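Read through the structure below, which is laid out as structure tokens, and then see the notes.
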Amino acid sequence: MTTTAARRSATIAAPRPKGDAGTHQGVVVEPHLDPALTSRPDVRPTSRRLGPGKRRRFAGVVGPAALILLWVVASATGLLDPRILSEPWTVVSTAGELIADGRLQENLAISAQRAGLGLFFGIVVGAVLAVLSGLSRVGESLIDGPVQIKRAIPGLALIPLLILWFGIDETMKVLTITLGVFVPIYLQTHAGLRGIDLRYVELAQSLGLSRAGFLRRVVLPGALPGFFLGLRFAVTGAWVSLVVVEQINSTSGIGYMMELARTYGQTNIIVLGLAVYGVLGLLSDAAVRLLERKALSWQRTLAG
Amino acid sequence: MATNAGGLGPSSEVSVRNLIRSFGPKGVLNGVDLDIAPGEFVALLGPSGCGKSTLLRALAGLDHDVRGSGVVKVPEQVSVVFQDSRLLPWDTVLGNVTLGLRDHDADARGRRALAEVGLSGREKAWPHELSGGEQQRVALARSLVREPKLLLADEPFGALDALTRLKMHALLKDLVAAHRPAVLLVTHDVDEAITLADRVIVLQDGRVALERKAGSAVDHSSLRGELLEALGVHAAA
Ligand SMILES: Nc1ncnc2c1ncn2[C@@H]1O[C@H](COP(=O)(O)OP(=O)(O)O)[C@@H](O)[C@H]1O
Ligand SMILES: [Mg+2]
């Protein structure tokens with residue numbers, strides 16, 4: 001057994017003349033006599049793969065699904081006291097009731113509107129400021145300092161002042177979200193822009209690109225990876241700000257619905273609210289990632 | 001067309017007089033005089049760090065922040081090919097070729113230029129999907145689609161393997177024959193200079209130290225020996 005294997009490997013190692021199975025420097029090589037050699041499938045040297053491998057579909061759902069399964073099992077076996085955390089099926093039936101009387105949709109719509117508006121204004125403000133401060137020295141000295149100061153102040157610490165200025169209506173809520181959103185957009189876009197290789201600037205100059213052409217073909221695409229990184233922080237930040245403004249002083253929205261449930265001790269509605277926030281966060285992050293993959297398809301990265 | 005190799009007078013496409021450039025206290029170019037006739041192919045040799053790129057960047061108008069003086073006359077249409085292909089990674093091959101073209105038929109011209117360098121069918125590819133030689137061919141297409149009167153190339157084949165480099169020599173020769181720009185090719189490869197150029201100049205101590213006609217009428221091996229000598233290499237052969 002061992003001798004056969006040894007002989008076979010010796011045959012493989014023997015020098016084989018290309019396209020000619022005959023005598024070669026005294027070594028007789030007859031590959032057709034060794035079935036192991038001729039029928040051997042495409043054997044490749046395997047090297048260790050360091051990347052994560054190919055992207056799989058629905059890979060992002062596996063983790064959350066496992067978490068839900070754990071929750072179901074813990075509730076069903078009585079490990080989890082429903083007074084601490086409602087059973088999943090109670091939450092589902094609560095959702096059914098709230099949808100039936102329209103309260104869930106109503107509150108969800110107003111919450112989504114707040115987050116969407118805040119996100120929109122924050123993105124515009126952050127991106128415009130980043131381009132202005134990234135492309136001109138005057139812009140940088142005027143803009144970068146104040147933004148860094150804003151960054152040092154927790155966004156939620158501004159709420160008392162914003163309430164004094166704008167009252168507790170929608171303006172104040174959207175503004176709070178905007179202020180939380182524009183900072184990461186600004187920081188990451190600015191960093192991406194400043195990271196553009198000077199050689200491309202030189203190229204644009206040698207090709208006689210106009211200022212607008214330079215902005216559109218070099219600066220914006222070059223800053224896009226940074227922008228998307230900022231966008232993912234911004235989306236998360238928008239939901240966080242939303243929760244806070246809706247729970248502090250509000251008469252509508254998912255956060256208000258949860259706050260109301262707390263005063264009546266309705267754990268099921270609180271958990272439902274959390275679940276809604278979770279789903280919204282997950283969906284929006286997936287949307288950003290999808291957008292990012294489409295827009296940055298020129299990149300060759302580990303993400304694939 | 002009368003090619004005036006000496007290149008003096010109104011018939012020259014490029015004329016440089018007493019060009020001085022310095023970084024800090026050290027002078028890099030100490031009075032360079034250079035003329036290139038329309039359609040003439042000039043190769044620029046010189047030891048590493050002697051200021052070849054500095055001269056080329058001065059001709060390309062890319063040295064705003066470098067101190068210096070002198071007179072530089074270049075045509076309106078100048079194209080530059082860099083050592084790295086310098087393709088925008090976020091733009092397709094065709095997008096890179098037509099970058100900055102403002103006319104309405106830019107795409108059609110870009111496709112034709114890509115066909116000329118043998119890259120038809122790769123218009124939609126991303127730069128990272130091409131080999132090094134193919135990327136440099138895109139860079140050539142990008143520079144020639146602008147129909148330059150002067151083509152400046154800074155060691156464009158320096159990063160390619162020997163076989164690819166030979167193919168690129170043949171391609172560049174064909175392209176230059178078809179478009180007839182004046183060419184200034186910076187290289188550190190004496191053989192590349194001799195095979196491609198009509199005239200070879202050697203830059204040393206910030207000045208043009210040697211100037212020789214090349215081309216088919218010249219004995220290559222003796223020219224090669226002379227150039228290597230000027231570059232301080234004492235060839236065994
Ligand atoms: N941006 C720069 N700042 C300072 N020194 C430079 C700069 N560019 C080139 N030099 C110096 O000028 C000299 C000539 O450089 P270069 O023209 O690039 O040489 P080469 O002939 O190899 O192309 C070198 O000594 C280099 O160090
Ligand atoms: Mg150089």
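Annotation note: Cβ proximity below 9 Å between a residue of the range B:195-215 that is free of Cβ contacts under 8 Å to residues at least 24 places away in the same chain and a residue that is assigned to a strand (DSSP E or B) and charged (D, E, K, R) (sequence gap 6+ or interchain) occurs for B:211/B:199; B:212/B:199; B:215/B:199.
Take residue B:58 and tell me if it is under 26 Å from residue B:212 (Cβ atoms) and either within 14 Å of chain A (Cβ to nearest Cβ) or touching a Pro at 6+ places or on another chain (Cβ under 7 Å) (or both). Judged against the criteria, residue B:58 is a match. Restricting the range B:169-211 to residues that are within 16 Å of ligand 2 (Cβ to nearest atom) and polar (S, T, N, Q) leaves a set whose member that is surrounded by the fewest Cβ atoms within 10 Å (Cβ to Cβ) is B:204.
Under the condition of being loosely packed, with under 12 Cβ neighbours inside 10 Å and on the phi < 0 side of the Ramachandran plot, the residues counted in the range A:254-286 number 4.
Scan the range B:129-136 and tell me whether some residue there is within 13 Å of chain A (Cβ to nearest Cβ) and assigned to a helix (DSSP H, G or I). Yes: the range B:129-136 contains one or more residues that are within 13 Å of chain A (Cβ to nearest Cβ) and assigned to a helix (DSSP H, G or I). Residue selection: residue B:155 fails the criterion of being of a type outside the set (S, T, N, Q), within 14 Å of chain A (Cβ to nearest Cβ) and on the phi > 0 side of the Ramachandran plot.
What is the one condition in (1) touching an Asp or Glu at 6+ places or on another chain (Cβ under 9 Å); (2) modelled with pLDDT of 90 or more; (3) farther than 22 Å from residue A:83 by Cβ; (4) not aliphatic (A, V, I, L, M) that residue A:298 does not satisfy? Residue A:298 satisfies all of (1) touching an Asp or Glu at 6+ places or on another chain (Cβ under 9 Å); (2) modelled with pLDDT of 90 or more; (3) farther than 22 Å from residue A:83 by Cβ; (4) not aliphatic (A, V, I, L, M) except (2). Please list, ordered by first then second residue, the pairs with beta carbon atoms under 8 Å, 6 or more apart or interchain, first in the range B:47-62 and in contact (Cβ under 8 Å) with a residue 12 or more places away in the chain, second part of a loop (DSSP other than H, G, I, E, B) and near ligand 1 (Cβ under 6 Å from one of its atoms). Close Cβ pairs (under 8 Å, with a partner that is part of a loop (DSSP other than H, G, I, E, B) and near ligand 1 (Cβ under 6 Å from one of its atoms)) amount to B:52/B:46. Residues in the range B:185-228 that are touching a Ser or Thr at 6+ places or on another chain (Cβ under 7 Å) and of a type in the set (Val, Ile, Thr): B:186 alone.
Scanning the range B:206-223 for residues that are in a helix (DSSP H, G or I) and within 17 Å of residue B:41 (Cβ to Cβ), we see that the one that is modelled with the lowest pLDDT is B:220. Among the residues of the range A:225-253, the one identified as surrounded by fewer than 20 Cβ atoms within 10 Å (Cβ to Cβ), at pLDDT 90 or above and of a type in the set (A, V, I, L, M) is A:229. Among the residues of the range B:136-189, those that are of a type in the set (S, T, N, Q) and in the same structural domain as residue B:215 (by TED's automatic domain parsing) comprise B:164, B:187.
Each row is one residue, and each column tells you yes or no for (1) in contact (Cβ under 8 Å) with a residue 12 or more places away in the chain; (2) of a type outside the set (Ser, Thr, Tyr); (3) surrounded by 13 or more Cβ atoms within 10 Å (Cβ to Cβ).
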site	(1), (2), (3)
A:87	yes, yes, yes
A:90	yes, no, yes
A:108	yes, yes, yes
A:116	no, yes, yes
A:119	yes, yes, yes
A:123	yes, yes, yes
A:128	no, yes, yes
A:141	no, no, no
A:144	yes, yes, yes
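Entry remark, the range B:22-48: residues being within 16 Å of ligand 1 (Cβ to nearest atom) and farther than 17 Å from residue B:209 by Cα number 5 in total.
The values are calculated or read from the model by the stated rules, or taken from the named source; none is laboratory data. Source: prediction; values computed, not measured. No Cβ is skipped: glycine too gets one built from the backbone with ideal geometry, and neighbour counts run over all protein chains shown.
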